[in-house]
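What follows draws every value from the coordinates through simple rules; no lab data is involved. These numbers were taken from a predicted model, which means no experiment stands behind them.
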Amino acid sequence: MKNNAARKRERIREEILDAAVREFARNGVRGASMQAIADEIGISKAKLYYYVASKEDLYEEAIVHILHIWHDLFSIENAEAGPEEFFRGYVTRKIRICLEHPEICQLYSNEILQGAPVLRKYWHESKRMTELGARKIEQWVAEGLMRPVDPVLLQLNIWAISDNYALHRSQIAYLTGAEDPDKLDDDKILSEAIDLFLVGCGIVPARKPRAETRSRALGVP
């Protein structure tokens, strides 16, 4: 059982990582300020260096922290309930993270755009999980639970659509008529994305339009 000092240290470490993700997402590793990170969590810069060795080390810790978040989201090993429940839950969790914590996706994407100099060292685990996911998807296809798809591209497409809501919030707000990029219609976004993947993968049938919707589309009064 952890004592109070250990719990306090763990809490401060978590606060440092969260603040670091936000600062690195805003300014990149070169432009990021260790003083700004310390100020955000209410400690001195000197005390911050008690917990981390350097800005570069903290950046790497932030990237690994994000990887752990992604890996926790994608628990394909526990997908025994079937593809509908799995993809419904996974798409919901992934988009929720993008909507509520866009800085996570921003930092991760910035690292990749720079050629993944830090991330590349840890990609082997991401590849292992992607391969696990691909095998499970192929199993569902073989069992007739979903239509044939490229199992890796499907996973990448979920990422592409969900990341869009973190990286292009201002554009989405403008195109959808939202007054504030931080106040998008989360429920509608989730519903549309879930339907897109479940129907597109043949997991659930497309919903039939209501009679009045069909009539309007055909120009019938």
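Is there a pair in LYS47/LYS94; LYS94/LYS127; LYS188/LYS208; LYS55/LYS183 whose C-alpha atoms are over 24 Å apart, and which pairs would that be? LYS47/LYS94; LYS55/LYS183, as the Cα separations exceed 24 Å there.
Report summary: the helix-based calculation at 222 nm, which adds -39500 (n - 2.57) for every DSSP H run with n ≥ 4 and divides by the residues of the chain, gives -23500 deg cm²/dmol. Taking a span of 20 Å or more along the helix axis (Cα atoms) and a mean Kyte-Doolittle hydropathy of at least -0.5 as the rule, the DSSP H helices of the chain that qualify are 55-73, 83-100, 151-167, 186-200. For the stretch 1-116, the relative contact order is 31 percent, taking Cα pairs closer than 8 Å that sit 6 or more residues apart in sequence and dividing their mean separation by the residue count.
Round to a whole angstrom and tell me the spacing of the C-alpha centers of the stretch 144-190 and the stretch 37-110. Here the answer is 18 Å between Cα centres. Computed from the Cα positions only, the extents of the stretch 114-215 along the three principal axes stand at 51, 39, 16 Å, in decreasing order. Measuring nothing but how far apart in sequence close Cα pairs (under 8 Å, 6+ apart) lie, relative to its length, the stretch 63-218 scores a relative contact order of 31 percent.
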